[in-house]
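These notes concern the structure reproduced below.
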Amino acid sequence: MAIKKVGVLGCGLMGSGIAEVAARSGCETVVREVSQEFLDKGLARISKSLDRAVDKGKMEAADREVTLARIQGTTELSDLADCDLVVEAIVENLEEKCRMFTALDEIAQESAIFASNTSSLTITQIAMATQRPERFVGLHYFNPVPVMKLVEVVRTLATDEQVLADVHQYVRDSGKEPVACRDNSGFIVNRLLVPYLLDAIRAYEEGVGSLEDIDKAMQLGCGHPMGPLTLLDFVGLDTTYYIANIMFEEYREKRFAPPPLLKQMVLAGRLGRKSGRGFYDYSAK
């Protein structure tokens, strides 16, 4: 099945990026938010992202206008009824995701494929809230979505083979690179990345090195674009803490357990760049 119309649930940082990528690939795109205020912010984010693409010579001004014309914003779930693919990018909460998909299941056409952008929850948990688990996959994009090439395509025990093939083709057609993943919490990237980030915090707690030296060592020694503690500030310490707790609940392995310092920093409101302070101080920037 050719995917020609895409729905996106949520127009936050991830949802707006997913909608932009869909529209840039030529798909009619409907993005839904819970309020007009959030929707307007998300659409403005898309417009600003396209402006940057034009300024950098990566897009023609005329193509920007065509892309924006393909995007319809809405606060009504019913406007996603005729979409071929619906990608959910709402809050990382299992109950909220299940509630949303249960409602959407009653509205969407039978041929529609459902996908979740969850980074830590298992897809099976969410898919079973619908009557179409065979047409449900994970589509895990990475931030910033318009820039990052990778998409983790997650299959469950119930996912239909043709649905999987259609989704892989859609990802490639949108200019991204799909990798196939089993339905395990964290998939490939976070399953490897989260223990690394948590270990960096433990190393700092134990006095292995200073913030700057731990980051510099991983940058220069392993060729990473940024050190683990800088990356934690960029991702958000609250986000990492939340994901780590979900993964620890799933696997019950120490490597996924959040270190005490991470919990303390989250409780103290030191969440990283977004709060002005995490491991580093960003208040002057």
> Applying the selection to the range 84-93, what residues are surrounded by 15 or more Cβ atoms within 10 Å (Cβ to Cβ) and at pLDDT below 95?
Replying inline: Glu92
> If you take the residues in the range 248-265 that are touching a Phe, Trp or Tyr at 6+ places or on another chain (Cβ under 7 Å) and within 10 Å of Leu198 (Cα to Cα), which one is surrounded by the fewest Cβ atoms within 10 Å (Cβ to Cβ)?
Replying inline: Ala257
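Out of Ser25, Ser49, I need the residue that is surrounded by 14 or more Cβ atoms within 10 Å (Cβ to Cβ), farther than 24 Å from Asp166 by Cα, in contact with a Ser or Thr (Cβ under 9 Å, 6 or more places away or on another chain) and in contact (Cβ under 8 Å) with a residue 40 or more places away in the chain. Which one?
Checking each option against the conditions leaves just Ser49.
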>> Going by what's in this entry, would Ala89 be described as assigned by TED's automatic domain parsing to the domain that holds Val147, under 23 Å from the mean Cα position of the chain (by Cα) and more than 25 Å from Gly175 (Cβ to Cβ)?
In response: no
> Is it the case that some residue within the range 46-60 is modelled with pLDDT of 95 or more and in a loop (DSSP other than H, G, I, E, B)?
Replying inline: no
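Conditions tested, residue by residue: (1) among the basic types (Lys, Arg); (2) assigned by TED's automatic domain parsing to the domain that holds Asn93; (3) farther than 19 Å from Leu104 by Cα; (4) at pLDDT 95 or above.
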{"position": "Ala22", "(1), (2), (3), (4)": "no, yes, yes, yes"}
{"position": "Lys41", "(1), (2), (3), (4)": "yes, yes, yes, yes"}
{"position": "Gly73", "(1), (2), (3), (4)": "no, yes, no, yes"}
{"position": "Glu76", "(1), (2), (3), (4)": "no, yes, no, yes"}
> Any chance the range 238-252 includes a residue that's outside any helix (DSSP H, G or I) and among the charged types (D, E, K, R)?
Replying inline: yes
> In this structure, does Ala81 turn out to be more than 24 Å from Ala244 (Cα to Cα), surrounded by fewer than 22 Cβ atoms within 10 Å (Cβ to Cβ) and more than 17 Å from the chain's Cα centre (by Cα)?
Replying inline: yes
>> Looking for something of a type in the set (D, E, K, R), exposed (fewer than 13 other Cβ atoms within 10 Å of the Cβ) and farther than 25 Å from Phe136 by Cα - is there at least one such residue anywhere in the range 62-75?
In response: yes
> Taking Ser16, is it among the hydroxyl-bearing types (Ser, Thr, Tyr), modelled with pLDDT of 95 or more, within 19 Å of Leu77 (Cα to Cα) and assigned to a helix (DSSP H, G or I)?
Replying inline: yes
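Taking the range 253-285 as the search range and keeping residues that are aliphatic (A, V, I, L, M) and either outside any loop (DSSP other than H, G, I, E, B) or modelled with pLDDT of 95 or more (or both), which one is nearest to Gly207 (Cα to Cα)?
Looking only at the range 253-285, we keep the residues that are aliphatic (A, V, I, L, M), and these are 257, 261-262, 265-268, 271, 284.
The next check asks that each one be either outside any loop (DSSP other than H, G, I, E, B) or modelled with pLDDT of 95 or more (or both); those that pass are 257, 261-262, 265-268, 271.
Working: Ala257: 19, Leu261: 13, Leu262: 15, Met265: 17, Val266: 20, Leu267: 22, Ala268: 21, Leu271: 21 Å.
Among residues in the range 253-285 that are aliphatic (A, V, I, L, M) and either outside any loop (DSSP other than H, G, I, E, B) or modelled with pLDDT of 95 or more (or both), the one nearest to Gly207 (Cα to Cα) is Leu261.
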> Restricting the range 143-161 to residues that are of a type outside the set (A, V, I, L, M) and modelled with pLDDT of 95 or more, which is surrounded by the most Cβ atoms within 10 Å (Cβ to Cβ)?
Replying inline: Thr159
> Given the residues Ser119, Ser111, which is the only one that is closer than 19 Å to Gly17 by Cα, in contact (Cβ under 8 Å) with a residue 60 or more places away in the chain and among the small types (Gly, Ala, Ser)?
Replying inline: Ser119
>> Step by step: first the residues of the range 120-136, then only those that are of a type in the set (Ser, Thr, Tyr) and out of contact with any helix residue (DSSP H, G or I) (no Cβ under 6 Å at 6 or more places or on another chain), then the one that is nearest to Ala89 (Cα to Cα). Which residue is that?
In response: Thr122
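The values are calculated or read from the model by the stated rules, or taken from the named source; none is laboratory data. Just so you know, these numbers come straight off a predicted model, no measurement behind them. When we count neighbours, we look across all protein chains shown, and the Cβ atoms used for this are built from the backbone with ideal geometry, even at glycine.
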